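Enquirer: Let me give you the structure first, and then I'll get to my questions.
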Amino acid sequence: ATFLKNIENRMASWEGRTENNENRRIGDLLLKHMNQGTMEHYFKYIDTHLLILEKMEQAVHKNNKFEQVYRDFEMQKVCYLPLTTLLLKPLHRLLHYQLLLERLLNHYGAGNPDYPDANMALSKVRTVIKKLAVKLKESENMVKLMELQRDLVGYDNLVQQGRQFIREGCLQKIGRASCRER
């Protein structure tokens with residue numbers, strides 16, 4: 001919440017100023033946000049995310065009350081995404097930070113006073129993303145299998161260790177006269 005407030009305050013201070021663009025910096029805030037504490041939180045979340053998903057999947061099958069609360073949460077119109085996908089959002093946020101910082105640096109050029117801070121923040125984000133890459137794929141695979149298992153009636157064993165989701169898309173039933181999507 002502090003990070004967001006800092007960015008909002010910084011951007012509010014830019015309002016109406018066109019003569020002095022040197023003070024329009026944001027890289028220092030990003031660099032400050034990517035401190036050791038934040039990095040440790042991301043590393044912990046990356047390390048435990050798959051375990052969280054596995055425990056949640058087990059709880060859905062073993063505890064009827066948990067399953068009902070889980071389904072009720074997802075049925076609310078406030079929640080537009082499955083809970084498992086919401087749990088992936090913090091990991092995806094880092095990828096968004098990387099893209100935003102890369103675009104910002106390309107826009108700035110090396111002579112901009114904000115370039116060093118933004119570049120250092122990008123370096124820190126890339127450090128976390130290196131650790132994230134393999135585990136993110138595993139987590140995304142697990143989420144996809146969990147969602148499929150929930151949506152397909154009669155398949156209670158889709159989520160298994162080592163099972164890999166291959167492809168998503170529409171199936172077509174080919175008939176004599178036409179093709180129909182399934």
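The values are calculated or read from the model by the stated rules, or taken from the named source; none is laboratory data. In this text, all values refer to a predicted model and were calculated from it rather than measured experimentally. For neighbour counting, all protein chains shown are included, and Cβ atoms are generated from backbone atoms with ideal geometry for every residue, glycine included. SASA here: full protein model, heavy atoms, side chains in, ligands and nucleic acids out. Shrake-Rupley method; radii C 1.70, N 1.55, O 1.52, S 1.80 Å.
Enquirer: For the stretch 95-112, give me each residue that is part of a helix (DSSP H, G or I), under 14 Å from ARG24 (Cα atoms) and either within 16 Å of the chain's Cα centre (by Cα) or not aromatic (Phe, Trp, Tyr) (or both). Before the answer, list the steps.
Expert: Of all residues in the stretch 95-112, those part of a helix (DSSP H, G or I) come to 95-108.
Cutting the leftovers down to under 14 Å from ARG24 (Cα atoms) gives us 104-105, 107-108.
Within the stretch 95-112, LEU104, LEU105, HIS107 qualify.
Enquirer: Taking the stated definitions as given, is VAL143 open to solvent by less than 40 Å² (accessible area, probe 1.4 Å), farther than 18 Å from PHE43 by Cβ, modelled with pLDDT under 75 and not basic (Lys, Arg)? Quick ask: steps written out before the conclusion?
Expert: Numbers: open to solvent by less than 40 Å² (accessible area, probe 1.4 Å): yes; farther than 18 Å from PHE43 by Cβ: yes; modelled with pLDDT under 75: no; not basic (Lys, Arg): yes.
Taking the combined requirement at face value, the residue does not satisfy it.
Enquirer: Identify all residues within the stretch 120-163 that are among the basic types (Lys, Arg) and part of a helix (DSSP H, G or I); write none if there are none. Give the derivation first.
Expert: First, the residues of the stretch 120-163 that are among the basic types (Lys, Arg): 124, 126, 130-131, 135, 137, 144, 150, 163.
LYS124, ARG126, LYS130, LYS131, LYS135, LYS137, LYS144, ARG150 - these are the residues of the stretch 120-163 that are among the basic types (Lys, Arg) and part of a helix (DSSP H, G or I).
Enquirer: Which one of these does ILE129 not meet: (1) under 25 Å from the mean Cα position of the chain (by Cα); (2) at positive phi; (3) open to solvent by less than 50 Å² (accessible area, probe 1.4 Å); (4) of a type outside the set (Phe, Trp, Tyr)?
Expert: Exception for ILE129: condition (2).
Enquirer: Starting from the stretch 27-43, take each residue that is farther than 29 Å from GLY109 by Cα and modelled with pLDDT under 90 and list its partners that are basic (Lys, Arg) and assigned to a helix (DSSP H, G or I), counting only C-beta distances under 7 angstrom and pairs at least six apart or across chains.
Expert: PHE43/LYS131
Enquirer: Among (1) farther than 26 Å from ASP47 by Cα; (2) open to solvent by 70 Å² or more (accessible area, probe 1.4 Å); (3) not hydroxyl-bearing (Ser, Thr, Tyr), where does MET120 come up short?
Expert: Going through the list (1) farther than 26 Å from ASP47 by Cα; (2) open to solvent by 70 Å² or more (accessible area, probe 1.4 Å); (3) not hydroxyl-bearing (Ser, Thr, Tyr), MET120 breaks only (1).
Enquirer: Restricting the stretch 3-23 to residues that are acidic (Asp, Glu) and modelled with pLDDT under 85, which is farthest from the chain's Cα centre (by Cα)?
Expert: Taking the stretch 3-23 first, the residues acidic (Asp, Glu) are 8, 15, 19, 22.
So of that shortlist, the ones also modelled with pLDDT under 85 come out as 15, 19, 22.
Working: GLU15: 31, GLU19: 37, GLU22: 32 Å.
Result: GLU19.
Enquirer: If a residue must be closer than 30 Å to ASN119 by Cα and either of a type outside the set (A, V, I, L, M) or modelled with pLDDT under 85 (or both), how many such residues does the stretch 44-78 contain? Quick ask: steps written out before the conclusion?
Expert: The initial filter retains those residues of the stretch 44-78 that are closer than 30 Å to ASN119 by Cα, namely 44-49.
Now narrow it down to the ones that are either of a type outside the set (A, V, I, L, M) or modelled with pLDDT under 85 (or both): 44-45, 47-49.
Qualifying residue count for the region: 5.
Enquirer: Now a separate question. Output the number of residues of the stretch 40-90 satisfying the condition of being open to solvent by 50 Å² or more (accessible area, probe 1.4 Å), touching a helix residue (DSSP H, G or I) at 6+ places or on another chain (Cβ under 9 Å) and among the aliphatic types (A, V, I, L, M).
Expert: Residues that pass the stated criteria total 1.
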